[in-house]
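Heads up, the thing below is written out as structure tokens.
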Amino acid sequence: MKDLLIPDEWQSLPALLRQILGIVGKTSHAYLKMLVGFALPFAAGSALGLYAIPMTPSTSEALIRGVLSFAGLLSGFMVTLMLFTGRTEKTDSLSLEAAREYRDKVIYLLWSQTQTLVFSLTTALMSVLWMLAESRSNSLMLEILTVGLFGFLAVALVRTVLLPLQIFDLHQFALNMMVSEKADALRKTIAEQKDED
């Protein structure tokens, strides 16, 4: 019955999450760091949201429309970036151990990018909800959404700023492994030539 009703990608989700969390959990205090990495920017953004609440309705609406546009653009960028991050070019020469380490780095980076995508989509959704609440003149809901919206926007922005550094780390790892393997091959060639002499 499960195969008949539940889409395959939903069925594979639990196993995929176990694999991802197994790799993410290898770092020390991974879940605490993820919580802090979310909570600090969210708190800063929420505080900014509290400051933004007294704005005039026309200013608020223009700002929220800008946030919605930014969040949509960021979501599209994240999907494209995830497609490119998953490519494994220039890794043919990696040893088995280096290939496993590289795989873990790529999966960790994809997990991080997935979180950024989720936060940017949440920001976009909250922008739409804000506009709906504004059209119904629900001031309490507007205040709650403003605080949450700015919190998620801050998290998405901080994570976006960190992305280039994560991608640099991934490329640096692959390049260092390539140089190391070339150096090993050169040493082996020199040693073989000495043995022949």
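The values are calculated or read from the model by the stated rules, or taken from the named source; none is laboratory data. As the structure is a computational prediction, the values presented were derived from the model and not from experiment. Glycine gets a Cβ as well: all are built from the backbone with ideal geometry, and neighbour counts include every protein chain shown.
Some observations on this one:
- Neighbours by Cβ (under 9 Å, 6+ apart or cross-chain): first from segment 149-164, over 15 Å from Gly72 (Cα atoms) and at pLDDT 95 or above; second outside any helix (DSSP H, G or I) and among the β-branched types (Val, Ile, Thr): none
- Just one of (1) at pLDDT 80 or above; (2) among the basic types (Lys, Arg); (3) exposed (fewer than 12 other Cβ atoms within 10 Å of the Cβ) fails for Arg87. It is (1).
- Residue list for segment 19-67, restricted to those being part of a loop (DSSP other than H, G, I, E, B) and either within 19 Å of Met131 (Cα to Cα) or among the polar types (S, T, N, Q) (or both): Thr27, Ser28, Ile53, Pro54, Met55, Thr56
- Within segment 114-128, tally of residues that are aliphatic (A, V, I, L, M) and crowded, with 17+ Cβ neighbours inside 10 Å: 4
- In this structure, Ser180 does not satisfy being small (Gly, Ala, Ser) and loosely packed, with under 14 Cβ neighbours inside 10 Å.
- Selection from segment 1-14 of residues that are exposed (fewer than 11 other Cβ atoms within 10 Å of the Cβ) and under 29 Å from Val158 (Cα atoms): Pro14
- Residue match in segment 85-103 (condition: closer than 25 Å to Pro41 by Cβ and part of a helix (DSSP H, G or I)): yes
- Scanning segment 31-77 for residues that are among the small types (Gly, Ala, Ser), more than 17 Å from Val158 (Cα to Cα) and surrounded by 15 or more Cβ atoms within 10 Å (Cβ to Cβ) yields Ala52, Ser60.
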